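Asker: Attaching a single structure in structure tokens format; questions to follow.
The values are calculated or read from the model by the stated rules, or taken from the named source; none is laboratory data. All of these numbers come straight from a predicted model, not from anything done at the bench. When we count neighbours, we look across all protein chains shown, and the Cβ atoms used for this are built from the backbone with ideal geometry, even at glycine.
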Amino acid sequence: MKEQLIILSYDYPPNDGGISRLTSAFAKQLADSGMNLEVCTLKADNVEQRLSRPELPTIELSRKKGLRELELIKYLISKPKQIKVITTVWNPEGTLALLLRRTNLYILAHGNEVMPYPKGPKYLLKSWLRKKVLTSARCVVCNSQYTEQLVANISPNIKTEVINPGVDLENFATNITQAEARQTLGLPFDKSIVLSVSRIDDYKGHDVILDALASLSKEQLEHIHYVVAGKGRHLENLKHRAKELQINDYINWFGFVSDEDLPALYKAADLFILCTREDKQQRGVEGFGMVFLEAQAAGLAVVGTRAGGIPDAIKSNEGGWLIDQNDSQAVATYLKKLVNNPQEFYEQGKLGYERVQNHCTWQHYTRALLTILEKY
């Protein structure tokens with residue numbers, strides 16, 4: 001008889017966030033491995049269809065807060081206690097599982113949600129509850145060594161393991177050429193294209209790249225085209241800064257990019273950069289950085305910061321390089337190198353692809369997850 005498993009996740013396709021993508025990917029792989037699983041999530045009604053929902057046994061809950069929790073409680077009560085339960089965040093899914101005394105509980109940790117809370121009495125209860133829920137789990141599965149340390153800081157009694165997220169290699173290793181990708185996306189053929197893909201928030205560090213561009217000579221800038229893909233609350237501030245620095249003519253504000261267009265966008269570029277900061281005050285951090293894996297899967301060299309879990313996503317000289325956060329001069333150095341020696345970046349792109357192929361697919365992630373489910 002196949003082992004039974006429940007996956008609880010409010011963040012699931014058609015949502016297009018990182019947790020949603022991760023949950024969808026490993027759920028499909030677990031099912032393919034022979035696991036008898038059921039996904040409990042929110043209804044897909046009236047939600048923009050950005051990601052397709054996997055064809056897996058699925059229980060849908062109301063999207064209305066309060067009612068969905070009541071429906072989840074009713075669902076869990078109906079299931080035998082020995083069934084293993086994976087929740088993709090500690091709250092509310094993990095909290096409700098704990099309240100119903102689910103002892104076969106496994107919780108995923110991603111970064112932001114396990115960062116320290118601000119000082120003050122209003123966070124005392126939430127801190128206590130988070131510690132209680134995470135300690136109750138058989139294992140907290142962390143996406144990076146950085147996230148594991150955050151969890152350990154909450155309590156040394158929490159059992160943890162690290163599994164770096166994977167990537168859909170076949171999807172991002174598209175066969176189209178760089179020239180074909182640029183033609184399709186309307187990007188210049190005669191420039192070195194530098195790419196950032198992320199939500200446009202302050203802690204993502206796009207301003208560091210703008211400062212690096214502004215430090216280049218006019219001649220060097222003429223060889224570079226910076227593509228900013230994504231949307232967010234900081235976008236207008238970023239555009240204003242680019243105008244102040246007089247570099248807007250060298251930037252393409254691409255906006256939101258669909259999953260279908262992402263592989264071509266990576267293929268069109270010569271270098272991927274994201275300079276995310278660890279912002280403890282705003283509780284902003286890159287717990288891992290799946291975009292770095294996506295770029296490497298497309299054969300693209302990457303530059304990222306030594307912040308949060310990014311060092312788990314980038315191995316120096318095995319597909320890219322790490323720099324200190326807020327170091328615009330380091331970014332400028334790599335931009336100059338790109339203009340003067342593009343072959344080095346091409347070679348790093350090949351190394352990154354090989355690393356992803358050998359260690360960083362969703363098959364690798366799922367095999368590690370199955371080991372943890374057997375171990376604890």
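Asker: Of all residues in region 1-34, count the ones that are surrounded by 19 or more Cβ atoms within 10 Å (Cβ to Cβ), touching an Asp or Glu at 6+ places or on another chain (Cβ under 8 Å) and part of a loop (DSSP other than H, G, I, E, B).
Answerer: The total comes to 2.
The rows are residues; the columns are (1) under 30 Å from Ser33 (Cβ atoms); (2) in contact with a helix residue (DSSP H, G or I) (Cβ under 7 Å, 6 or more places away or on another chain); (3) crowded, with 16+ Cβ neighbours inside 10 Å; (4) modelled with pLDDT of 95 or more.
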residue: Leu335; (1), (2), (3), (4): no, yes, yes, yes
residue: Glu344; (1), (2), (3), (4): no, yes, no, yes
residue: Glu347; (1), (2), (3), (4): no, no, no, yes
residue: Gly352; (1), (2), (3), (4): yes, yes, yes, yes
residue: Val356; (1), (2), (3), (4): yes, yes, yes, yes
residue: Cys360; (1), (2), (3), (4): yes, yes, yes, yes
residue: Thr366; (1), (2), (3), (4): yes, yes, yes, yes
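Asker: Test each condition in (1) in contact with a Leu (Cβ under 6 Å, 6 or more places away or on another chain); (2) under 20 Å from Leu265 (Cβ atoms); (3) among the β-branched types (Val, Ile, Thr) for Ile247 and report the one that comes out false.
Answerer: (2)
Asker: Just give me the residues in region 56-95 being crowded, with 17+ Cβ neighbours inside 10 Å, in a helix (DSSP H, G or I) and under 25 Å from the mean Cα position of the chain (by Cα), in sequence order.
Answerer: Result: Trp90, Pro92, Glu93, Gly94, Thr95.
Asker: Regarding region 268-276, can at least one residue be identified that is touching a residue at least 12 places away in the same chain (Cβ under 8 Å), assigned to a loop (DSSP other than H, G, I, E, B), touching a helix residue (DSSP H, G or I) at 6+ places or on another chain (Cβ under 9 Å) and within 30 Å of Pro116 (Cα to Cα)?
Answerer: Checked against the condition, which is being touching a residue at least 12 places away in the same chain (Cβ under 8 Å), assigned to a loop (DSSP other than H, G, I, E, B), touching a helix residue (DSSP H, G or I) at 6+ places or on another chain (Cβ under 9 Å) and within 30 Å of Pro116 (Cα to Cα), region 268-276 yields at least one hit.
Asker: On to the next question. Any residue at all in region 137-147 that's modelled with pLDDT of 95 or more and over 21 Å from Phe26 (Cβ atoms)?
Answerer: No, every residue in region 137-147 fails to be modelled with pLDDT of 95 or more and over 21 Å from Phe26 (Cβ atoms).
One line per residue, one yes/no per condition, for (1) assigned to a helix (DSSP H, G or I); (2) closer than 19 Å to Lys267 by Cβ; (3) under 18 Å from the mean Cα position of the chain (by Cα):
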| position | (1), (2), (3) |
| --- | --- |
| Glu318 | no, no, no |
| Ala332 | yes, no, no |
| Leu335 | yes, no, no |
| Glu344 | yes, yes, no |
| Glu347 | yes, yes, no |
| Leu351 | yes, yes, no |
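Asker: How many of the residues in region 97-118 are free of Cβ contacts under 8 Å to residues at least 60 places away in the same chain and part of a helix (DSSP H, G or I)?
Answerer: 4
Asker: Please indicate, with yes or no, whether at least one residue in region 159-169 is touching a Lys or Arg at 6+ places or on another chain (Cβ under 9 Å) and within 16 Å of Gly309 (Cα to Cα).
Answerer: Checking region 159-169: at least one residue is touching a Lys or Arg at 6+ places or on another chain (Cβ under 9 Å) and within 16 Å of Gly309 (Cα to Cα).
The rows are residues; the columns are (1) assigned to a loop (DSSP other than H, G, I, E, B); (2) within 22 Å of Lys267 (Cβ to Cβ).
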residue: Thr147; (1), (2): no, no
residue: Ile158; (1), (2): yes, no
residue: Glu170; (1), (2): no, yes
residue: Thr174; (1), (2): yes, yes
residue: Ala181; (1), (2): no, yes
residue: Thr184; (1), (2): no, yes
residue: Phe189; (1), (2): yes, yes
residue: Leu195; (1), (2): no, yes
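Asker: Yes or no: region 133-142 includes at least one residue that is crowded, with 19+ Cβ neighbours inside 10 Å, closer than 22 Å to Gln282 by Cβ and within 20 Å of the chain's Cα centre (by Cα).
Answerer: Yes: region 133-142 contains one or more residues that are crowded, with 19+ Cβ neighbours inside 10 Å, closer than 22 Å to Gln282 by Cβ and within 20 Å of the chain's Cα centre (by Cα).
Asker: Examine region 248-259 for a residue that is among the aliphatic types (A, V, I, L, M) and surrounded by fewer than 19 Cβ atoms within 10 Å (Cβ to Cβ), and state whether such a residue exists.
Answerer: Checked against the condition, which is being among the aliphatic types (A, V, I, L, M) and surrounded by fewer than 19 Cβ atoms within 10 Å (Cβ to Cβ), region 248-259 yields at least one hit.
Asker: Being at pLDDT 95 or above, in contact with a Cys (Cβ under 8 Å, 6 or more places away or on another chain) and farther than 24 Å from Cys360 by Cα narrows it down to one residue among Ile154, Ile59; which is it?
Answerer: Ile59
Asker: I've got another one for you. Mind checking which residues of region 8-25 are within 23 Å of Arg199 (Cα to Cα) and not hydroxyl-bearing (Ser, Thr, Tyr)?
Answerer: Within region 8-25, Asp11, Pro13, Pro14, Asn15, Asp16, Gly17, Gly18, Ile19, Arg21, Leu22, Ala25 qualify.
Asker: Report every pair of residues separated by at least 6 positions or lying on different chains whose Cβ atoms are under 9 Å apart, first residue within region 170-183 and among the charged types (D, E, K, R) and at pLDDT 95 or above, second surrounded by fewer than 17 Cβ atoms within 10 Å (Cβ to Cβ) and not in a helix (DSSP H, G or I).
Answerer: Cβ pairs passing all conditions: Arg182/Pro188; Arg182/Phe189.
Asker: Then there's this: Inside region 21-62, can you point out the residues that are in contact with a strand residue (DSSP E or B) (Cβ under 8 Å, 6 or more places away or on another chain) and of a type in the set (Ser, Thr, Tyr)?
Answerer: Thr23, Thr41, Thr58, Ser62
Asker: In region 277-313, what count of residues is obtained for those that are assigned to a loop (DSSP other than H, G, I, E, B) and out of contact with any helix residue (DSSP H, G or I) (no Cβ under 7 Å at 6 or more places or on another chain)?
Answerer: Selection size over region 277-313: 5.
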